[in-house]
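This report concerns only the one structure given below.
The values are calculated or read from the model by the stated rules, or taken from the named source; none is laboratory data. Everything quoted here is computed from the prediction, not taken from an experiment. Virtual Cβ from ideal backbone geometry, glycine too; neighbours counted across all protein chains shown. The protein model used for the area step is the full one, side chains on, heavy atoms only, and it has no ligands, DNA or RNA in it. Shrake-Rupley method; radii C 1.70, N 1.55, O 1.52, S 1.80 Å.
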Amino acid sequence: MAQKPIREFDGKRLFKENWEEYFAPLGLEYPFESVLVTSGEELKKLAEKEEYKWLKEKPLVAKPDMLFGKRGKNNLVLFKVKKPGDVKLKDAIKWIDEKRKTPQKVYFKFDGDKPVGEPKEDKLTYFIVEPFTPHSEDEEYYIAATTYDADYDVLYMSAHGGVEVEENWDKVTEVKIPVDATDEEIEKLISENIPADIPEDKKEVYKKFAVQFYKFFRDLNFAYLEINPLVIVGNKVYLLDLVARLDDTAGYLMKDKWGDIEFPTPFGMPEKSPEEKAIAEADAKSGASLKLTILNPKGRIWTLVAGGGASVVYADTIADLAGGVEELANYGEYSGGPTTDETRFYTETVLDLMTREKDPEGKGKILIIGGAIANFTDVAKTFTGIIQAFRKYADKMKDVGVKIYVRRGGPNYEKGLKLIKEEAEKLGLPIKVYGPETHITEIVQMAIEEDKKGAK
Amino acid sequence: MSNNHALFTRDTQAIFWNNNKKAIQRMLDYDYIIKREKPSIAAIVAPTSSAKFEKFFFGTEEVMIPIYRSTKEAVKNHPNADVLLNFASFRTAYDVTMDALNLDQFRVIMITAEGIPERHARLMNKKAREKGVLIIGPATVGAITPGAFKVANIGGTIENIVNSKLHRPGSCGLVTRSGGLFNELANIIARNADGIAEGVAIGGDRFVGSTFIDHMLRMEKNPQVKYMVLLGEVGGREEYKIIEAVKSGKITKPIIAWCIGTIAKYFSSGVQFGHAGASANADEETADAKNEAMRKAGIHVPKNFNELPHVIKGVYESLRGEGVIEPIQEPEVPPMPEDFAKAVAQGKVRRPRHFVCTISDDRGEEAVYAGVPISAVATPDTGYSIGDVITLLWFKKRYPRWATDFIETVIKTVADHGPAVSGAHNAKVTARAGKSVVESLVTGLLTIGPRFGGAIDGAAYYFKYAYDNKMSPKEFVNYMKKKGIPIPGIGHRIKSVRNPDKRVEGLKNYASKHFPATPLLAYALEVEKETTAKKENLILNVDGTIGILMVDMWRALGYSEKEIDEFIASGTLNAFFILGRSIGFIGHILDEKRLGMPMYRHPWDDILYKVDKAEEL
């Protein structure tokens, strides 16, 4: 995956850390007063530090920082107790601890103030706390940029920021900026398109800010960056709310500009299991690709598929022929010529998950060892890794009634197929083995048909 | 072949950026089986290579492909190579592409790296479009025009290429995103139809240089292509461009299409199915929506992937029936010579080896000394000493501690004997002549022989001979006298019975304390009594003691007399002296280097000149 969301706090931190280069030359200041905490206790401790003494001195705003929007409409922004701007440190502490105690329901779509669709329920674990910035609604501007398509970025500008920006989308000016635009072209395009309804006395500062905002967006490899509302008072800039996605493939270029950036799991998404984390770690260390997502650990159909495209085809076909995904336990792939040892580790992880519990109805389980015709991955080598894992898990596999279906082609496939068949038979594991003469997903059909027969 | 709309012809030549030997060899193997005249690779660019060329097989023969350090240089020397195969890593692929675009020679640039930053990908793709250069990739295995040109690894092994009929043109134009499924589709098309005329895997990234529509519009014009197969993916809107082209009549040839990723509808956005580009941002980007839209536009869309082969077969057979597709005369495929290494691995060939090694092996994960990995002997915590390493490599055995300690004692004892001995002197003179450490060292070592250091071998040999033949010490002394040989290991310039050599005392003490038995030493001491009775300084010297104790050591370790005789005959004892003394020689050489003394010239007055006029004969 290339485009990844980051926390509001990190987005603001990136502004602060690169302010000197991009915005300070305009004579603008950014008072970066913002903390990210996981509990009221942590906030209390931070407030004792000299650099965060504003937490005790200023009225505060607190909100969850977990990659979802519409926090105001979901009633998840603390900006008042009785009236706006009266939130004290102790109120924020109390509110945070209250909100994180029980799972919260969050809606992602609204029609006016009315929620639309199903909410997601999850615990709130990260909160951003900042000073309350008093300002009037007509000081709320909007600015955003996105990597629109292959040739253009788009800069969105509006004099009307705030929560109603979507309703006021007709007032947003869109500027298409070619990816290879020069500084002069960027300045020209933006100057010519400054929204007419930005007050005259603010136009110049807004324009200058917008130009630098775009360069900041471009140079730091953002895929999306939105500030709403943006408030400029005198020479002070306030970024009241921020949404951002980064292109994580640029990480190797951005070590200095990004610092230590985190790509968190979004709200409502299950945290990665230890097994998924272990595979992700192995993937990061390897030149090959190892991916594992557990969809339903109680599912009876497990896949061990080589190749990104092939893994999708297998998942599609299982869903299609099994009439849904209830039985599909995992999604994943290994590819790019993994070593025998990497394949053994990957297989052991899948087999371990697969053999933890018997099916409550006593049905058997299906292991699909699939793959297309490899370009350069040595099938005998990777299958040797799978065989080593079989040896370790053979007894457990028999306990839960695993039937194995294999289909694979590519370099050394005859040897690989022969080895896996002989070894499985020696271990007493039921196995069917096919090569490139059999259609790639034919084994899914066989497995599901035999499973149905077995059930009768 | 004059087909202006084919991606590659039999004359196409490429420059390969990165010396990826396996991929290049696969291309040349392909060239061989399709009987190309010229290899498809004109040159290799490898910025850090010091070699001027690399050898590759072309059938059973070998060809040399030139290597250049920059694309610019390669282009200058190969003006007809209009394809760049950019196999640089994701860190450098962008710079390589931009550089190549500025050279204005390439028609096609293929980029294999996965994970190029999106902004870089967009910049290079745009520049290429402006220059009219076709980019394939990034994150792809490439493209193939069967019977003409194959990019790197696409198609897999030669066996698979022939099985999938990728060695000669068929009738289908194939486009996919995935490289792994490209092979699979080629195989399906070969089994259910007559193979492909041209195929491109466009790559899995969000921003690729050329997309389905670019290639399918070209294929529409290519008379060899009679129908097309498109394998799309969930995410993006590229398939809709095909639908528009079909509706507007820009594409009239039959299309069979399928988008993978229909499973995505069962899951929320969190699960990434497939490639970076594969993520539906809107309803019309889902695989189901795209499949349905294509079906409505009259494109042949199967019910699911499992049904795809039947649909291909159906379209192919109806085109055959209509006479659009002619039957193909299958070309003869020359047998592919097998790689020696592969044939060995499969147990198909054998060859006598010219060398034998029984002491160490560097072929595995870690080099081993007599079966013991280096890491298991190197650091102090392993319990292995330098003596253990010597016995592993010299004798292929691990000796008990008393023996390895003795060996180390010997090494230490013989390490140096001052600058005046002939070997050290030679080493110093050579070092002063400005020669290197190794040159100076060998001049020193070359003096070691029967007169310098050789007494260890000689002592071991003669004392053992006398002892084995049960000569009394007196008989032995007389025997040597009769032969006219001074007894090796006996005698010292200064030391005598009353002024004993402390080094010899040390060795004797160690042996008496730690050796299980020292019969030969006991015998030698009896001999010493005989000789010192004649002259004070005819004592058992350090060389003699070492040679004799080595024999006692090997006997105690259980070696047979024959084995010990072989050690002596092969110069093993001398080897301890060579090893030990090298330490001292190197010390003298380094000393000379530090001192920076000038070239040595021996003074005339130290040479007795007595040169007579040569006699006329």
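Before moving on, here are some points about what is shown:
- Screening A:Lys208, A:Lys176, A:Lys215 for residues that are within 14 Å of chain B (Cβ to nearest Cβ), in contact (Cβ under 8 Å) with a residue 40 or more places away in the chain and open to solvent by 20 Å² or more (accessible area, probe 1.4 Å) leaves exactly one candidate, A:Lys215.
- Filtering the stretch B:141-150 to residues that are among the aliphatic types (A, V, I, L, M) and farther than 13 Å from A:Phe376 by Cβ leaves B:Ala143, B:Ile144, B:Ala148.
- Residue list for the stretch B:539-567, restricted to those being assigned to a helix (DSSP H, G or I) and out of contact with any helix residue (DSSP H, G or I) (no Cβ under 9 Å at 6 or more places or on another chain): B:Lys562
- Being in a helix (DSSP H, G or I) and within 14 Å of chain B (Cβ to nearest Cβ) is a condition met by no residue of the stretch A:225-246.
- Residue check, B:Tyr316 closer than 30 Å to B:Lys35 by Cβ and either of a type in the set (Phe, Trp, Tyr) or in contact with a Pro (Cβ under 6 Å, 6 or more places away or on another chain) (or both): yes
- Whenever a residue of the stretch B:55-69 is within 17 Å of B:Ile158 (Cα to Cα), its partners that are buried (at least 16 other Cβ atoms within 10 Å of the Cβ) and of a type in the set (Asp, Glu), lying with C-beta atoms within less than 8 angstrom and at least six residues away or across chains, give the pairs B:Phe57/B:Asp29; B:Phe58/B:Asp31.
- Just one residue in the set B:Glu198, B:Glu239 is acidic (Asp, Glu), in contact with a Pro (Cβ under 9 Å, 6 or more places away or on another chain), touching a residue at least 40 places away in the same chain (Cβ under 8 Å) and away from chain A (no Cβ under 13 Å); that residue is B:Glu198.
- Set side by side, the residues B:Asp339, B:Asp288 differ, and just one is over 30 Å from B:Gly209 (Cα atoms), within 13 Å of chain A (Cβ to nearest Cβ), surrounded by fewer than 18 Cβ atoms within 10 Å (Cβ to Cβ) and in contact with a helix residue (DSSP H, G or I) (Cβ under 9 Å, 6 or more places away or on another chain), which is B:Asp339.
- Which listed residue is open to solvent by 60 Å² or more (accessible area, probe 1.4 Å), assigned by TED's automatic domain parsing to the domain that holds A:Glu130 and over 25 Å from A:His135 (Cα atoms), from A:Glu50, A:Glu29: A:Glu50
- Complete set of residues in the stretch A:417-455 that are within 13 Å of chain B (Cβ to nearest Cβ) and either assigned to a helix (DSSP H, G or I) or farther than 20 Å from A:Ile318 by Cα (or both): A:Lys418, A:Glu437, A:Glu442, A:Ile443, A:Val444, A:Gln445, A:Met446, A:Ala447, A:Ile448, A:Glu449
- Residue match in the stretch A:335-348 (condition: in a loop (DSSP other than H, G, I, E, B), modelled with pLDDT under 95 and farther than 24 Å from A:Ile443 by Cα): yes
- Filtering the stretch A:249-268 to residues that are within 13 Å of chain B (Cβ to nearest Cβ), touching a Gly at 6+ places or on another chain (Cβ under 9 Å) and in contact (Cβ under 8 Å) with a residue 40 or more places away in the chain leaves A:Thr249, A:Trp258, A:Pro266, A:Gly268.
- Candidates B:Leu590, B:Leu617, B:Leu573: the one that is of a type in the set (A, V, I, L, M) and either modelled with pLDDT of 95 or more or touching a His at 6+ places or on another chain (Cβ under 6 Å) (or both) is B:Leu590.
- Selection status of A:Asp316, touching a Ser or Thr at 6+ places or on another chain (Cβ under 6 Å) and assigned to a helix (DSSP H, G or I): yes
- For the stretch B:172-185, the condition of being farther than 27 Å from A:Pro411 by Cβ, within 14 Å of chain A (Cβ to nearest Cβ), surrounded by 24 or more Cβ atoms within 10 Å (Cβ to Cβ) and at pLDDT 95 or above holds for none of the residues.
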